[in-house]
Amino acid sequence: QVQLVESGGGLVQPGGSLRLSCLVSGDTLRSYVIAWFRQAPGKEREGVSCISSTDGSTYHITDSVRDRFTISRDNAANTAYLQMTSLESEDTGIYYCAVRPGRCNLLSSFYDSWGQGTQVTVSS
C-alpha cells in the first residue's frame, strides 16, 4: 500500500516562505494525482492544491492560494512539493498530502492514501 510522509513544516513569520515535501513509497507517484490539504484549528479539513498525474494541470481552492502557492511533483524522486510564499496567519494548520488515481479534485473523500501531516504555524 502506498505510504506518504510529509515534511518541511514549521514556524514562520508572516510574509515568509516554506516548502513542504511529500515522499511517496510503496508505489510510483507518476500513477497518481496528488493533492495538499490543510486543517486549521477548529476547522474542517480543506483541499488546498492538486496536480494532475497526466498533463500537470494544477488546481487551487482559492485565488489567494493560487497566487501564493505552487504545487509540483518530481516523479523520478517520488516526491511532491508545496511551495508556499507570502504566508499569512490564516495559512496556519496541519498540512497533509494525499494521492488518488484518476482526476484531480479537492474533496478529501476521494483520496485513498494520506500522510500524517506536518504543522505549519505562521506567527510573528
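The values are calculated or read from the model by the stated rules, or taken from the named source; none is laboratory data. Please read all numbers here as calculations on a predicted model, not as lab measurements. Every residue, glycine as well, gets a Cβ built from its backbone with ideal geometry; the counts of neighbours run over all protein chains shown. Accessible surface is based on the protein model in full, side chains and every heavy atom, while ligands, DNA and RNA are left aside. Shrake-Rupley method; radii C 1.70, N 1.55, O 1.52, S 1.80 Å.
Structure summary
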{"item": "Residue under evaluation I61, criteria (1) in contact (Cβ under 8 Å) with a residue 12 or more places away in the chain; (2) out of contact with any Gly (no Cβ under 6 Å at 6 or more places or on another chain); (3) farther than 23 Å from Q1 by Cα, criterion not met", "result": "(2)"}
{"item": "Odd one out for Y59, checked against (1) open to solvent by less than 20 Å² (accessible area, probe 1.4 Å); (2) modelled with pLDDT of 95 or more", "result": "(1)"}
{"item": "Residue match in the range 68-75 (condition: touching an Asp or Glu at 6+ places or on another chain (Cβ under 8 Å), β-branched (V, I, T) and surrounded by fewer than 19 Cβ atoms within 10 Å (Cβ to Cβ))", "result": "no"}
{"item": "Flag for V12 being β-branched (V, I, T), surrounded by 15 or more Cβ atoms within 10 Å (Cβ to Cβ) and modelled with pLDDT of 95 or more", "result": "yes"}
{"item": "Test: residue in the range 15-24 that is in contact with a Lys or Arg (Cβ under 8 Å, 6 or more places away or on another chain), modelled with pLDDT under 95 and not aromatic (F, W, Y)", "result": "no"}
{"item": "Complete set of residues in the range 42-56 that are open to solvent by 80 Å² or more (accessible area, probe 1.4 Å) and touching a strand residue (DSSP E or B) at 6+ places or on another chain (Cβ under 7 Å)", "result": "R45"}
{"item": "Of all residues making up the range 1-60, the number that are within 13 Å of V120 (Cβ to Cβ) and assigned to a strand (DSSP E or B)", "result": "14"}
{"item": "Candidate set: the range 76-121, residues that are open to solvent by 60 Å² or more (accessible area, probe 1.4 Å) and free of Cβ contacts under 8 Å to residues at least 60 places away in the same chain; chosen: the one farthest from L23 (Cα to Cα)", "result": "E90"}
